[in-house]
Amino acid sequence: MYKISTRGQYALLIMEDLAENEHGVFIPLRLLSHRRNLSVKYLEQILSKLVAANLVEGTRGSNGGYRLTKKPEEYTIGEILRVMEGNLSPKAESDGNAIGSPGTEEFWGKFESTINAYVDSVTLSEIAKKTKADVGFEYCI
């Protein structure tokens, strides 16, 4: 079964963090690193892919950092995950050998369609709003 990598999961967290930035200012790399407890080097690898895909923009200097290139409601989770993961097919790639039967091929096709339809139906804005609403329920003892 296909699993989303930690890089894909962290990309969603970083995008969510940037989505909470309502004023569109650049968020410094070190602040993003601190908020998500990620090394700067690992975060740079994630952000470089997001920048290359034009999902975020970055700037250097004293007021440098990263921000979204469009509104949070204009991003889908599928779009973000595909940048980091590539194809979101739940079926392993075969090396030219036929795997399965017509019945299982139909199953995998519908399964893949369902996954892609779901991740394309959820926006970054929805995830950010849900997280913001749930923050009040967290507590530590």
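The values are calculated or read from the model by the stated rules, or taken from the named source; none is laboratory data. Quick caveat, the model's predicted, so the values are computed rather than measured. Glycine gets a Cβ as well: all are built from the backbone with ideal geometry, and neighbour counts include every protein chain shown. The area values use the complete protein model at the heavy-atom level, side chains included, leaving out ligands, DNA and RNA. Shrake-Rupley method; radii C 1.70, N 1.55, O 1.52, S 1.80 Å.
Relative to the longest principal axis of the Cα atoms of the chain, the long axis of helix 6-19 makes an angle of roughly 40 degrees. A simple charge model with +1 on the Cβ of Lys and Arg, -1 on the Cβ of Asp and Glu and nothing else charged puts the dipole of the range 1-49 at about 320 debye relative to its Cα centre.
Since only Leu68, Pro102, Phe26 are under comparison, the one whose Cα sits farthest along the positive direction of the charge dipole of the chain, derived from C-beta charges on Lys, Arg, Asp and Glu, is Phe26. The convex hull built on the alpha-carbon positions of the chain has an orientation-averaged projected area of 11.3 nm².
Only helices enter this figure: runs of n ≥ 4 DSSP H residues, each worth -39500 (n - 2.57), summed and divided by the residues of the chain, yield -16500 deg cm²/dmol at 222 nm to the nearest 500. About its Cα centre, the chain has a charge dipole of approximately 580 debye under the convention of +1 per Lys or Arg Cβ and -1 per Asp or Glu Cβ, with nothing else charged. May I ask you to give the percent of accessible area on the chain that is carbon plus sulfur, with a probe radius of 1.4 Å? Accessible surface attributable to carbon and sulfur in the chain totals 54 percent.
The local environment of Asp17, defined by Cβ-Cβ distances under 10 Å, has a net charge of 0 under the rule Lys, Arg +1 and Asp, Glu -1.
Placing a pseudo-label 7 Å from each Cα along the Cα-to-Cβ vector at Leu13 and Ser125 gives an inter-label distance of 2.6 nm. Phi angles across the range 60-75 convert, under the Karplus curve 6.51 cos²θ - 1.76 cosθ + 1.60 with θ = phi - 60°, into 3J(HN,Hα) values of 9, x, 5, 9, x, x, 9, 8, 5, 8, 8, 5, x, 6, 8, 9 Hz, Gly and Pro given as x. Computed from the Cβ-Cβ distance with R0 of 41 Å, the FRET efficiency linking Asn54 to Ser101 stands at 0.50.
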